[in-house]
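*Asks:* Before I ask anything, here is the structure I am working with.
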């Protein structure tokens, strides 16, 4: 049974969702992925252990990867690539220390690639990506997570024109 708390709207492009378990956090990631067009960039923010990789695992599943259990934090490799309905570039900036290391990852080329780029620890980027969807995850105690999803204005208009649900939490799925 789906128990994700429905999203509260702060404004047209922002949704606040409370998940109550790891599986609900993953499910929310899958729902977001279903709304994305290609190419897209999703910026994940949150403290260590907040659930960024769990959310990314859900996104990978939502983008059609048959075995999302293979998704792990790319902290040591920096970038993992998965094949779903499009290439999925899972990037982790946690271990980077400065612009020189950031540029050596080839991140600019990945962001411009024809796929979906999911960036953990995106606050370390040092520059904005105006077209990106931003996801901020915070621990709400036990297995609960407060998740704020911010769509850029252009994405909100696109979702409305495609008659997608008003966002995630996003719309209640039929059970």
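We did not get these values from a lab; they are worked out from the coordinates using the rules stated. Just so it is clear, the model here is predicted, and its values are computed rather than measured. Reconstructed Cβ throughout: ideal geometry from the backbone, glycine too, with neighbour counts over all protein chains shown.
*Asks:* Testing the spin-label approximation: label points 7 Å from Cα along Cα→Cβ at residue 20 and residue 94. State their distance in nm.
*Replies:* About 2.8 nm separates the two model spin labels.
*Asks:* Could you sort 42-48, 24-30, 14-20 so that the peptide with the highest average Cβ count within 10 Å comes first and the rest follow in order?
*Replies:* 24-30, 14-20, 42-48
*Asks:* If R0 is 25 Å, what FRET efficiency do you get for residue 113 and residue 77 from their C-beta distance, rounded to 0.05? Numbers along the way, then the final one.
*Replies:* Numbers: r = 17 Å, r/R0 = 0.68.
Plugging the Cβ-Cβ distance into 1/(1 + (r/R0)^6) gives 0.90.
*Asks:* Let me ask you something else. In what sequence, highest mean first, do 127-133, 82-88 appear when ranked by Cβ atoms within 10 angstrom?
*Replies:* 82-88, 127-133
*Asks:* Further question: Could the peptides 55-68, 135-148 be put in order, highest first, of the mean number of other beta-carbon atoms found within 10 Å of their residues?
*Replies:* Result, highest mean first: 55-68, 135-148.
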